[in-house]
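Written below as structure tokens is the structure these notes are about.
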Amino acid sequence: MAEAARARAEAARDGRGPASARAGGDLVFSAIAFVLALLPRLYVAIAWAREPVWDGHYYDFGARRIAAGLGYSDDLIVGGQPVWHPWCHYPVGYSGFLGLVYRLFGAGPHVATVANAVTGALLVVVVHRLARYATTPGRARAAALLAALSPGLIVYAALLMTEPLAALGLVTAPWLLARDAARGRFVRGAVLAGVALGLTALVRPQSLLCAPALALLTWRARRGPGGVAGGASAAWRRGALAAALSAATALAVVAPWTIRNCRVMDGCALVSTNGGWNLAIGAFPRATGRFETLRAGDGCPIARGQVAQDRCWMAEGLKWIKDDPVRWLALIPRKLSFTFDHESFPIGYLGEANPAAWPEERRAAGRRVLTASHLGLLSVAALGVVALPRLRPWRALAAQLLALAAVLGLVAWGVLGDEHAFWPLAVAIPVIAALPLPGRPANGGVVGYLAFAVASVALTHAVFFGEDRYHMVVTPALCVLAACALRRGETAPAAGRADAR
């Protein structure tokens, strides 16, 4: 009877079997969450948006060229005549997305930001659908509400920036795989996840780092008619196959763009030609840990093609790191601080685009609201990999009390410390999730993937440089982790359970 009850519970969560009414309720809530998320984003997209600034200017310009049938390019004036000049410095994905929107609906003043609002609302829906495979229905709804009402994600609707679209891909890929793996169709799920991840890589190339973590979503052993769970070795093989299929599919999606770059640029580039620039920005003698403008006098003075310039800066960056590795390593805490310790970029963007509407007093208030909500979310999300301590067994109690104390200690350090450093929480999430602590919650599957995604952002910007906008791609992941805070600990080996809540 226990097996039958477990099967019915799994069917309810997966949207199958006689408990389909429960799944239907989840679909209704997803629709409600979409509307709840869309309304404030639409207001911001229409009332606050102005001409795109900073990187948004280039994304918009590239999108208009694509919509006009001119490809990802600009025109150079040579001998008084315009000459078509291809681009790939910035990743093409977001401009390609906006180019399609412009092609369908025109390039009016609010078309792009309304598309951003719809993207943000869809992101909330996918957060809800994904969280159902991580925790209970009630907690999954809480995750969706956190994402729907996130001040930073709402304000981002008015910005022509890549982060919400990249975040949508980062949660869509695991949702597709988790959904199909739960139904016994993990091969199809792996291929669909690879398509989603490949499209995301065209927006944010470092998203490919998350491909190995997709293996975690298939390791849950499924029980057959006799109630016998699949072995650990079979789970490992299934996970490895899923990750390999997803990675291969993602690269296949990216391949046509790579071939285009090899054909029209001055050399081959997988997606874009800003990796070398970014490494140099994080390593050159004037590096501060955040964005600084590179000048010709810093090391690559000869004007040449985009690929050659990027390779030049890559070589310079590696040279600077080799010459003074201690200095480069010492910048990592500052890079992570710039990435995770505040949330001010959206307000700065809006102030740059419309200074009259955003005097310094209003900007400061906006920065305080966004930063407080982000740091609160990050603090609670760190508890998503810690179990609610239970009295027995004592080893599990001791381990989870230590994990809880570590997280609360880091929160206290962030609040009370002179530097208000919260970035150690972003490092603690994947570390605690990976530790085989007794009594831990189910930190594999979706939770493990999301912790890995947080780690990928921390690692990327520890190597390159930090800015607070870069953490926005994992804000939805933090919403799911926060909703999972202080779940019940596992009562059986992790390979066979995903229902400890």
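Just for helices (runs of 4 or more DSSP H) wholly inside segment 1-94: which have at least 2 residues that are under 30 Å from Trp175 (Cβ atoms) and modelled with pLDDT under 95?
Result: 2-14, 20-47.
So Pro441 clears everything in (1) assigned to a helix (DSSP H, G or I); (2) open to solvent by less than 10 Å² (accessible area, probe 1.4 Å) except one condition, right? Which one?
Going through (1) assigned to a helix (DSSP H, G or I); (2) open to solvent by less than 10 Å² (accessible area, probe 1.4 Å) one by one, Pro441 breaks only (1).
Kindly indicate whether any position in segment 428-435 is in contact with a Lys or Arg (Cβ under 9 Å, 6 or more places away or on another chain), of a type outside the set (S, T, N, Q) and part of a helix (DSSP H, G or I).
Checked against the condition, which is being in contact with a Lys or Arg (Cβ under 9 Å, 6 or more places away or on another chain), of a type outside the set (S, T, N, Q) and part of a helix (DSSP H, G or I), segment 428-435 yields at least one hit.
Which of the numbered conditions does Leu408 fail, given that it passes all the others? Conditions: (1) over 30 Å from Arg50 (Cα atoms); (2) touching a residue at least 60 places away in the same chain (Cβ under 8 Å).
Only one criterion in (1) over 30 Å from Arg50 (Cα atoms); (2) touching a residue at least 60 places away in the same chain (Cβ under 8 Å) is unmet by Leu408, namely (2).
Within segment 93-104, can one find any residue that is more than 23 Å from Val264 (Cβ to Cβ), surrounded by fewer than 19 Cβ atoms within 10 Å (Cβ to Cβ) and aliphatic (A, V, I, L, M)?
Scanning segment 93-104, I find at least one residue that is more than 23 Å from Val264 (Cβ to Cβ), surrounded by fewer than 19 Cβ atoms within 10 Å (Cβ to Cβ) and aliphatic (A, V, I, L, M), so the answer is yes.
Quick grid of which residues meet (1) modelled with pLDDT of 95 or more; (2) among the β-branched types (Val, Ile, Thr); (3) surrounded by fewer than 17 Cβ atoms within 10 Å (Cβ to Cβ); (4) within 23 Å of the chain's Cα centre (by Cα):
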| site | (1), (2), (3), (4) |
| --- | --- |
| Ala462 | yes, no, no, yes |
| Asp468 | yes, no, no, yes |
| Val473 | yes, yes, no, yes |
| Cys479 | yes, no, no, yes |
| Ala483 | yes, no, no, yes |
| Glu490 | no, no, no, no |
| Ala494 | no, no, no, no |
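Among the candidates Ala372, Ala382, which residue alone is buried (at least 22 other Cβ atoms within 10 Å of the Cβ) and either within 24 Å of Phe465 (Cβ to Cβ) or not charged (D, E, K, R) (or both)?
Criteria check complete, one pass: Ala382.
Consider only pairs whose beta carbons are under 7 Å apart and that are at least six residues apart or on different chains; among these, list those whose first residue lies in segment 125-154 and is more than 14 Å from Gly445 (Cβ to Cβ) and of a type in the set (D, E, K, R) and whose second residue is modelled with pLDDT of 95 or more and open to solvent by 20 Å² or more (accessible area, probe 1.4 Å).
Arg129/Trp175; Arg141/Phe29
Under 9 Å between Cβ atoms, which residue pairs at least 6 apart in sequence (or on different chains) link something in segment 381-403 that is part of a loop (DSSP other than H, G, I, E, B) with a partner that is modelled with pLDDT under 95 and open to solvent by 80 Å² or more (accessible area, probe 1.4 Å)?
Taking only residues 6 or more apart or on different chains, the pairs are Leu388/Arg488; Arg390/Arg488.
Can you find a residue in segment 245-259 that is touching a residue at least 60 places away in the same chain (Cβ under 8 Å), surrounded by fewer than 21 Cβ atoms within 10 Å (Cβ to Cβ) and either of a type in the set (Val, Ile, Thr) or on the phi < 0 side of the Ramachandran plot (or both)?
No - not one qualifying residue is present in segment 245-259.
Among the residues of segment 135-146, are any touching a Leu at 6+ places or on another chain (Cβ under 6 Å) and assigned to a helix (DSSP H, G or I)?
Among the residues of segment 135-146, not one is touching a Leu at 6+ places or on another chain (Cβ under 6 Å) and assigned to a helix (DSSP H, G or I), which makes the answer no.
Quick one: in segment 291-337, which of the residues that are part of a helix (DSSP H, G or I) and among the β-branched types (Val, Ile, Thr) is least open to solvent (accessible area, probe 1.4 Å)?
Across segment 291-337, the extreme among qualifying residues is Val307.
Can you find even one residue in segment 420-433 that is buried (at least 19 other Cβ atoms within 10 Å of the Cβ) and in contact with a Pro (Cβ under 8 Å, 6 or more places away or on another chain)?
Yes - at least one qualifying residue is present in segment 420-433.
When residues of segment 340-369 are filtered for being closer than 21 Å to Ala158 by Cα and crowded, with 22+ Cβ neighbours inside 10 Å, how many remain? Break it down stepwise before answering.
Start the filter on segment 340-369 by keeping residues that are closer than 21 Å to Ala158 by Cα, which leaves 342-369.
Add one more test, that the residue is crowded, with 22+ Cβ neighbours inside 10 Å, and what stays is 343, 345-347, 349-350.
Here the count works out to 6.
The values are calculated or read from the model by the stated rules, or taken from the named source; none is laboratory data. Computed from a predicted structure; not experimentally measured. Using ideal geometry, Cβ is built from the backbone for each residue, glycine included, and neighbour counts are taken over all protein chains shown. SASA here: full protein model, heavy atoms, side chains in, ligands and nucleic acids out. Shrake-Rupley method; radii C 1.70, N 1.55, O 1.52, S 1.80 Å.
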